[in-house]
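This report refers to the structure that appears directly beneath it.
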Amino acid sequence: MKFATTAIHIGQEPDELTGAVTVPLYQTSTYAQEAIGKHKGWEYARTQNPTRSKWEACLAALESGIAAYAFGSGSAAVDTVMRLLSAGDHVVMAEDMYGGTYRLASKVLSRFGIDFSYVDMRDLDNVRNAIRPTTKMIYTETPTNPMMTITDLRAVAAIASSVGALLVVDNTFATPYFQRPLELGADIVVHSATKYLGGHSDLIHGIVATNRPDLAERLQFLQNAVGAVPGPFECWLCLRSAKTLHVRMDRHAANAMAIATWLESHPAIKAIHYPGLPSHPQHALAASQMSGFGGMISIELGSLERARHVTEALRLFCLAESLGGVESLVCHPVSMTHGSVPLEQRARLGITDGLVRLSVGIEDVSDLLADLEQALA
Ligand code: P1T
């Protein structure tokens, strides 16, 4: 079954009881049992919820996995994946990634005895050189937030399997429509479903998918034991959103490509980061593992003053954290999403005071271009 059909049908068969064509919202905390030990397979809603199960089945199919597990946020999903590890284990993590994931690793998980090495994954030797006897996981995001760098997933998967480590990939920016890390050798995929999977800036949600039965069993155990689960309504909204993921992503990517092409030659832009541009240093690699380049663009405006002027002058692009909704957003990573990344590391990555990140929505592209034109003038 092709992607668009999977998105609309898997986990979304008409309701057995009533024939309802959308999955019912089971807003319940528990389930009546007929007698002690005699129930319908549903016991308590932290452990199982029918609406959640349907969404998990849909997402697992979209990511070419065998199972998926939903969480109350992307950060809760990342945290639960990290609980596969034990004190003394070591993780090789991309240094260029969402600031909140860096914060979780460096300020929370490290206190529980998990060691992290942060490396530039564009150079595979950095990954190889960081491996220790205790390395149990390689963790990356691609494209990265906000610098849009690409990790060679096939190559890093080969390194991970050669040392018996798991490869975990945050697929938030690409979505399974454009990139399926499990098909390229990853063991686990993580999403902030708050972004494109939710797609309408109206929920906070996370998801983890895997294609390994041993990891599926362990993740299911952790989902229940840790309990960072979402409410059923968020799962219902995600199922609703899954049905249009392919249409939305095509438009996000087409609009972003048109905008990146226009911005690239604009005199106010000092640098532009979009993997769809042939000038992106990793464009060929991106094209080899992604079927489209997504809706995220970062631009360097040269100074905090310029960044402030442009973000305040934009009218359609709303100044806000987050991304991946139908409406265009603009974000200033230094003061918003990446404030917890140390200054020296930010400088190395190129996350400067003048860097601005665009989440290109699915509005009419001519209106978006006109908005950028007036704000940059
Ligand atoms: O916000 P939450 O749903 O908890 O997801 C965290 C997260 C994980 N991974 C990536 C790649 C992300 O971008 C995020 C959240 N990012 C933002 C809020 C942002 O504006 O970049």
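The values are calculated or read from the model by the stated rules, or taken from the named source; none is laboratory data. Just so it is clear, the model here is predicted, and its values are computed rather than measured. Using ideal geometry, Cβ is built from the backbone for each residue, glycine included, and neighbour counts are taken over all protein chains shown. Protein only, heavy atoms only, side chains kept; ligands, DNA and RNA dropped before computing areas. Shrake-Rupley method; radii C 1.70, N 1.55, O 1.52, S 1.80 Å.
Overview of results
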{"item": "Residue check for His273: within 30 Å of Val156 (Cβ to Cβ), of a type outside the set (Lys, Arg) and without any contact (Cβ under 8 Å) to a residue 12 or more places away in the chain", "result": "no"}
{"item": "Of all residues making up the range 276-285, the number that are in a helix (DSSP H, G or I) and crowded, with 20+ Cβ neighbours inside 10 Å", "result": "1"}
{"item": "Which listed residue is assigned to a helix (DSSP H, G or I), within 21 Å of the chain's Cα centre (by Cα) and assigned by TED's automatic domain parsing to the domain that holds Pro146, from Ala68, Ala77", "result": "Ala77"}
{"item": "Output for the range 53-65, where each listed residue is assigned to a helix (DSSP H, G or I) and within 16 Å of the ligand (Cβ to nearest atom)", "result": "Trp55, Leu59"}
{"item": "Test: Asp125 is open to solvent by 20 Å² or more (accessible area, probe 1.4 Å), more than 16 Å from the ligand (Cβ to nearest atom), closer than 23 Å to Val334 by Cβ and not β-branched (Val, Ile, Thr)", "result": "no"}
{"item": "When residues of the range 81-99 are limited to those that are out of contact with any strand residue (DSSP E or B) (no Cβ under 9 Å at 6 or more places or on another chain) and open to solvent by 10 Å² or more (accessible area, probe 1.4 Å), the one farthest from the ligand (Cβ to nearest atom)", "result": "Ala87"}
{"item": "Selected residue (only one of Leu343, Leu372 is crowded, with 21+ Cβ neighbours inside 10 Å and farther than 27 Å from Ile204 by Cα)", "result": "Leu372"}
{"item": "Residue within the range 131-142 that is free of Cβ contacts under 8 Å to residues at least 40 places away in the same chain and part of a helix (DSSP H, G or I) present", "result": "no"}
{"item": "Complete set of residues in the range 40-80 that are open to solvent by less than 10 Å² (accessible area, probe 1.4 Å) and acidic (Asp, Glu)", "result": "Glu63"}
{"item": "Among (1) of a type in the set (Val, Ile, Thr); (2) touching a helix residue (DSSP H, G or I) at 6+ places or on another chain (Cβ under 6 Å); (3) within 16 Å of the ligand (Cβ to nearest atom) - the single one Thr140 does not satisfy", "result": "(2)"}
{"item": "Ser291 vs. criteria closer than 26 Å to Gly206 by Cβ, touching a residue at least 12 places away in the same chain (Cβ under 8 Å) and surrounded by fewer than 18 Cβ atoms within 10 Å (Cβ to Cβ)", "result": "yes"}
{"item": "Qualifying positions in the range 351-367 - open to solvent by less than 30 Å² (accessible area, probe 1.4 Å) and either away from the ligand (no atom under 16 Å from the Cβ) or not assigned by TED's automatic domain parsing to the domain that holds Gly325 (or both)", "result": "Gly354"}
{"item": "Tabulated pairs, the range 152-167, first in the same structural domain as Asp125 (by TED's automatic domain parsing), second open to solvent by 60 Å² or more (accessible area, probe 1.4 Å), C-beta under 7 angstrom, 6+ apart or interchain", "result": "Ile159/Arg128; Ala165/Lys136; Leu166/Lys136"}
{"item": "Matching residues, the range 292-313, being under 26 Å from the mean Cα position of the chain (by Cα) and away from the ligand (no atom under 16 Å from the Cβ)", "result": "Gly292, Glu300, Leu301"}
{"item": "Residues that are touching a residue at least 60 places away in the same chain (Cβ under 8 Å), of a type outside the set (Gly, Ala, Ser) and either crowded, with 17+ Cβ neighbours inside 10 Å or part of a helix (DSSP H, G or I) (or both), drawn from the range 1-39", "result": "Phe3, Ile8, Gln12, Val23, Tyr26"}
{"item": "Only listed residue being open to solvent by less than 40 Å² (accessible area, probe 1.4 Å), modelled with pLDDT of 95 or more and closer than 16 Å to Leu355 by Cβ, chosen from His309, His332", "result": "His332"}
{"item": "Any hit, the range 173-181, residues being open to solvent by 10 Å² or more (accessible area, probe 1.4 Å), within 9 Å of the ligand (Cβ to nearest atom) and in the same structural domain as Ala60 (by TED's automatic domain parsing)", "result": "yes"}
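Here's the yes/no breakdown for (1) under 18 Å from the mean Cα position of the chain (by Cα); (2) within 17 Å of Ala77 (Cβ to Cβ); (3) within 16 Å of the ligand (Cβ to nearest atom); (4) open to solvent by less than 10 Å² (accessible area, probe 1.4 Å):
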position	(1), (2), (3), (4)
Thr210	yes, yes, no, yes
Leu215	no, yes, no, no
Gln220	no, yes, no, no
Ala225	no, yes, no, no
Pro230	yes, yes, yes, no
Glu234	yes, yes, yes, no
Cys238	yes, yes, yes, yes
Ala242	yes, yes, no, yes
